[in-house]
Amino acid sequence: MEEKQYPKPKTMFSAIQPSGTITLGNYLGALRHWINLQKEYFCIFALADLHTITVRQEPLKMRKNVLEAYALLIACGIDLDKCIFFIQSHVKAHSELAWILNCYAQFGELARMTQFKDKSQNHKDNINAGLFSYPCLMAADILLYKSDFIPIGADQKQHVELTRNIAERFNGIYGEVFSIPEPYIAKTGAKIMSLQDPSKKMSKSDKNKNAWISILDNKDAIIKKFGRAITDSEAIVRSREGKDGINNLISIYSCATGKNLDEIEEEFSGKGYGTFKAAVAEAVWSHIEHIQNRFKEIIDDKPYLEKCYRENAEKASYLAENTLKKVKKKIGFII
Ligand code: ATP
Ligand code: LTN
């Protein structure tokens with residue numbers, strides 16, 4: 001009997017920095033898609049702790065952040081029976097391929113990266129070489145797993161484009177070694193803005209804590225932060241150009257409830273911003289309440305967490321080493 005051929009599922013890769021908490025921006029822009037995509041794709045996810053040290057970290061706090069982020073992502077719904085979820089620094093191939101890719105990326109293209117420009121502005125006292133070559137490490141993350149799709153928020157699109165250029169350049173010299181990845185950016189929630197300055201993206205490294213919602217904030221804090229969110233004086237719940245504050249809240253409400261713009265405008269017609277902000281807070285809370293409950297269950301089970309991240313690092317290493325070996329052979333290293 002002829003053996004039936006099933007198409008190989010596509011590979012999805014993404015990572016997040018364990019640089020503090022997880023914000024509503026991370027959740028709506030990236031994580032919720034990771035969770036949904038697990039059903040369809042072979043998914044590999046990482047905590048990008050090597051990326052995190054491009055900004056100075058306090059050792060004890062960093063250890064706590066990494067462990068909490070690992071537990072939090074499982075609480076969000078990462079299913080370890082379906083995907084691989086590891087800590088980047090546990091898989092040595094990432095640092096090694098990153099060095100190699102540094103030699104195939106041009107100074108000019110790295111200098112054009114918006115994130116590098118922003119972060120150098122914000123950390124003038126520590127514009128280190130790692131911050132500059134950050135995209136080469138990100139390219140290594142992606143290319144080691146022959147990833148087809150990269151679910152990310154809009155701010156990371158430029159880095160995935162650079163990854164494609166590096167991969168194409170490398171393949172042009174040595175033949176088809178790397179798969180060329182595509183960014184996967186959802187239509188809603190791809191750029192959640194700061195609640196205090198809606199012209200900037202919501203970012204966990206923003207010093208103003210009222211600017212972002214952590215998915216571990218309690219209900220009271222969430223109500224207060226949305227209550228204080230910067231809007232405008234027109235007080236009409238309608239999406240329109242130039243009104244970044246209200247547009248952002250509408251987009252958050254839409255992501256959290258699944259309602260479209262028309263439905264939202266009708267629901268809040270004749271009602272002021274106070275009522276709307278309270279509804280946004282409620283909708284967000286109903287989304288994250290169960291995540292917090294699950295997080296509390298697993299964060300204290302250190303042996304369980306350790307078993308998970310060790311096993312997953314081993315699985316990831318197996319795949320990564322395979323690609324790294326191929327790359328080194330092509331370049332001419334004696335392996
Ligand atoms: P940092 O402030 O430390 O740079 P960050 O909050 O920007 O961190 P990352 O770890 O860099 O978070 O990003 C993780 C994922 O979340 C990425 O896919 C990124 O595109 C997405 N993301 C981050 N901020 C937002 C946002 N405001 N809106 C939508 N997606 C976002
Ligand atoms: N730079 C990313 C985090 C990240 C990432 C990756 C995302 C590191 N490696 C690989 C997608 C694919 C950020 O979100 N700031």
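The values are calculated or read from the model by the stated rules, or taken from the named source; none is laboratory data. This structure is a prediction, so every number in the text was calculated from the model and none was measured. No Cβ is skipped: glycine too gets one built from the backbone with ideal geometry, and neighbour counts run over all protein chains shown.
Within region 17-54, restricting attention to residues that are within 15 Å of residue 155 (Cβ to Cβ) and without any contact (Cβ under 8 Å) to a residue 60 or more places away in the chain, which residue is nearest to ligand 1 (Cβ to nearest atom)?
The first filter runs over region 17-54 and keeps only residues within 15 Å of residue 155 (Cβ to Cβ), leaving 17, 19, 23-31, 33, 48, 51.
Now restrict to residues that are without any contact (Cβ under 8 Å) to a residue 60 or more places away in the chain: 17, 31.
On the way: 17: 4, 31: 7 Å.
Here the residue is 17.
Which one of these is within 13 Å of ligand 2 (Cβ to nearest atom) and either over 26 Å from residue 126 (Cβ atoms) or at pLDDT 95 or above (or both): 105, 48?
Criteria check complete, one pass: 48.
All but one of (1) away from ligand 2 (no atom under 16 Å from the Cβ); (2) more than 21 Å from the chain's Cα centre (by Cα); (3) polar (S, T, N, Q) hold for residue 188, so report the exception by its number.
The failed condition is (2).
Can you pull out every residue in region 197-206 that is of a type in the set (D, E, K, R) and farther than 11 Å from residue 20 by Cβ?
Those that are of a type in the set (D, E, K, R) and farther than 11 Å from residue 20 by Cβ: 197, 200, 201.
Return the total of residues in region 121-164 being without any contact (Cβ under 8 Å) to a residue 24 or more places away in the chain and more than 8 Å from ligand 2 (Cβ to nearest atom).
The number of residues fulfilling the criteria is 8.
Within region 277-292, does at least one residue satisfy the condition of being touching a residue at least 12 places away in the same chain (Cβ under 8 Å), touching a strand residue (DSSP E or B) at 6+ places or on another chain (Cβ under 7 Å) and not aliphatic (A, V, I, L, M)?
no
Report every pair of residues separated by at least 6 positions or lying on different chains whose Cβ atoms are under 9 Å apart, first residue within region 101-117 and within 16 Å of residue 129 (Cβ to Cβ), second part of a loop (DSSP other than H, G, I, E, B) and among the β-branched types (Val, Ile, Thr).
Taking only residues 6 or more apart or on different chains, the pairs are 116/127.
What residue, of 93, 69, 30, is closer than 21 Å to residue 178 by Cα and within 15 Å of ligand 2 (Cβ to nearest atom)?
93
From the list 235, 211, 167, exactly one residue is free of Cβ contacts under 8 Å to residues at least 40 places away in the same chain, more than 14 Å from ligand 1 (Cβ to nearest atom) and buried (at least 19 other Cβ atoms within 10 Å of the Cβ). Which is it?
Just a single option satisfies the conditions, and that option is 167.
Quickly run through region 189-208 and pick out the residues that are within 10 Å of ligand 1 (Cβ to nearest atom) and either crowded, with 21+ Cβ neighbours inside 10 Å or in contact (Cβ under 8 Å) with a residue 24 or more places away in the chain (or both).
189, 190, 191, 192, 193, 194, 201, 202, 203, 204, 205 - these are the residues of region 189-208 that are within 10 Å of ligand 1 (Cβ to nearest atom) and either crowded, with 21+ Cβ neighbours inside 10 Å or in contact (Cβ under 8 Å) with a residue 24 or more places away in the chain (or both).
Being out of contact with any Pro (no Cβ under 7 Å at 6 or more places or on another chain) and either within 14 Å of ligand 1 (Cβ to nearest atom) or among the hydrophobic types (A, V, I, L, M, F, W, C) (or both) is the filter here; which residues of region 55-67 pass it?
55, 56, 57, 60, 61, 62, 67
Among the candidates 32, 63, 56, single out the residue that is outside any helix (DSSP H, G or I) and either modelled with pLDDT under 95 or surrounded by fewer than 16 Cβ atoms within 10 Å (Cβ to Cβ) (or both).
56
From 170, 226, which residue is in contact with a helix residue (DSSP H, G or I) (Cβ under 6 Å, 6 or more places away or on another chain) and either over 27 Å from residue 72 (Cβ atoms) or away from ligand 2 (no atom under 16 Å from the Cβ) (or both)?
When all the criteria are applied, what remains is 226.
Taking the criterion of being without any contact (Cβ under 8 Å) to a residue 12 or more places away in the chain, part of a helix (DSSP H, G or I), within 28 Å of residue 285 (Cα to Cα) and away from ligand 2 (no atom under 15 Å from the Cβ), would at least one residue in region 72-89 satisfy it?
There is no residue in region 72-89 that is without any contact (Cβ under 8 Å) to a residue 12 or more places away in the chain, part of a helix (DSSP H, G or I), within 28 Å of residue 285 (Cα to Cα) and away from ligand 2 (no atom under 15 Å from the Cβ).
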